[in-house]
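Novice: Structure incoming, see below.
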Amino acid sequence: MPALSTPQVSEQTVTTGPPTGTSWLVRRPRRESLISFEVFPPHPTRDPEAVWRNIDTMAAAGPDFFSVTHGHSGTNGVSRETLRHLLKQTKTPAVAHLTCGGTDRAGLERAIEDLLDDGVRDLLALRGDPPVGGGEWVTHPGGFDRASQLVELIREVEERKFGACERPGKRPVSVSVACYPVAAKGRDFEADLAALWDKQQAGADYAITQVLYDAQDYVRFLERARSEGIHIPIIAGLVPLTDIKRLGRMTELTGVPIPERITKFLDTDHPGELRRRGIAATLTLIDELLDFGCPGLHLFTFNRPDAPLAILDHLRVRDAAREFRGSSSAA
């Protein structure tokens, strides 16, 4: 009679405690506005200490979570040094960007395992951009060319490492993805929408939009996505409207045009006035998005803390005012 096989035991069982991670932060009922900051690793040829100071300044302000781009950290699509720093120095969740480019399936699997071993529990799954300077996307031999494939792989590694979990809110790993609400230059809106459906079906928890400048673009996209059966929460991606050159660079990178009404409003030669107008325009956009029910905001900070901290302060005042109204005797 053959010996009975011993069941495989995962390295760590899924706990039955309260859910954690950014997917829970995005989905949970709240009275406070959710905001996340996107940062990138220090450039190796510039002043790294200034970047660390700026990141630490933003971390001390207590956003709901950070996301860390790969920046200049190599080809694996993540910056483990910056992620480790945030996980060690703060209690704020840190989302690791993971892209399909530059390696095969086995390499991506190792990258996911390394991140989980570092304590990362939040991943942003991206296909990745074409090479800098133009050219078409080229799939690495044996690799992936769709973010939905990367989401599936993350879920496979998660199950192998932590055990199976059928309830999305209890999963030990949170997976976010990108979406594209504006018909940007060089992009196919219908194909992007179909890709978002595939990412949801592969196991994505929530999505973050490409940069937005108009709340109506978000509303129209959300209505279309819901009509297509896409039900995951969608966070609005925003850039502080305080730097004209950076806004131009964002247009080059994303293909998303800046509305003329914004460029006219920001037309001033005085740096202080530009900052005032830029923050005012950003806060107006944020208020409109939140009034429409947007579940959260994702700020592309470029490692500059000034505008993000002003925006965070505005949100906290806004939340406090709403709480006061709700507790007043006239309410």
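Novice: Nearest 10 degrees is fine. How inclined is helix 105-117 to the longest principal axis of the chain, computing both from alpha carbons?
Specialist: Once rounded, the angle reads 80 degrees.
Novice: How far apart, in nm, are two points set 7 Å out from the Cα along the Cα-to-Cβ line at D291 and at A310?
Specialist: Each label point lies 7 Å from its Cα, and together they span 2.1 nm.
Novice: Quick check: pseudo-label points 7 Å beyond the Cα along Cα→Cβ at D269 and A50, how many nm apart are they?
Specialist: 2.6 nm
Novice: Relative to the longest principal axis of the C-alpha atoms of the chain, give the angle of the C-alpha long axis of helix 271-291, reported between 0 and 90° and rounded to the nearest 10°.
Specialist: With rounding to tens, the tilt is 60 degrees.
Novice: Counting only the backbone N, which residues of the stretch 285-301 are under 13 Å from the spot 7 Å out from the Cα of R325 toward its beta-carbon?
Specialist: Counting only backbone N, you get 287-288, 290-292.
Novice: Sticking with this structure for a sec: Using only protein heavy atoms and a 1.4 Å probe, report how much of S227 is accessible, in Å² to the nearest 10.
Specialist: 90 Å²
Novice: Once you sort the root eigenvalues of the Cα gyration tensor of the chain as a ≥ b ≥ c, which label holds: rounded (a/c under 1.5), prolate (a/b larger than b/c) or oblate (the other case)?
Specialist: It is prolate, given that a/c is not under 1.5 and a/b is the larger ratio.
Novice: Fully extended, how many nm does the chain gain between V138 and Q216 (0.36 nm per residue separation, minus their Cα-Cα distance)?
Specialist: Taking V138 through Q216 to full extension adds about 24.7 nm, to one decimal.
Novice: Using only Cα atoms and rounding to the nearest 10 degrees, what angle (0 to 90) does helix 215-227 make with the longest principal axis of the chain?
Specialist: The angle comes out near 30 degrees.
Novice: Just tell me which lysines come within less than 17 Å, Cα to Cα, of K264; anything on the same chain fewer than 8 places away is out.
Specialist: K245
Novice: Here's another thing I want to ask about it. Would you mind calculating the gained length between A164 and E32 on full extension (0.36 nm times residue separation, minus the Cα-Cα distance), in nm to one decimal?
Specialist: 44.3 nm
Novice: Can I ask one more? Give the ranking of H298, H231 by solvent-accessible surface, highest area first, calculated with a 1.4 Å probe.
Specialist: H231, H298
Novice: Further question: Quickly rank 113-119, 62-68 as a protection proxy: mean count of other C-beta atoms within 10 Å, highest first.
Specialist: Ranking, from highest mean packing down: 62-68, 113-119.
Novice: Let me ask something additional. For E260 and E81 in one chain, what is 0.36 nm times their gap in residues minus the Cα-Cα distance, to one decimal in nm?
Specialist: Difference between extended and current length: 60.5 nm.
Novice: Then there's this: Would you kindly derive the ³J(HN,Hα) couplings of the stretch 85-93 from the backbone phi angles with the Karplus curve 6.51 cos²θ - 1.76 cosθ + 1.60 (θ = phi - 60°), listing them in order in whole Hz, with x for Gly and Pro?
Specialist: Working through the residues one at a time gives 4, 5, 5, 7, 8, 9, 9, 7, x Hz.
The values are calculated or read from the model by the stated rules, or taken from the named source; none is laboratory data. Owing to the predicted nature of the structure, the values given are computational and were not obtained by experimental measurement. As a convention, Cβ positions derive from the backbone with ideal geometry for all residues, glycine included, and neighbour counts pool all protein chains shown. All accessible areas refer to the heavy atoms of the entire protein, side chains included, with ligands and DNA or RNA removed. Shrake-Rupley method; radii C 1.70, N 1.55, O 1.52, S 1.80 Å.
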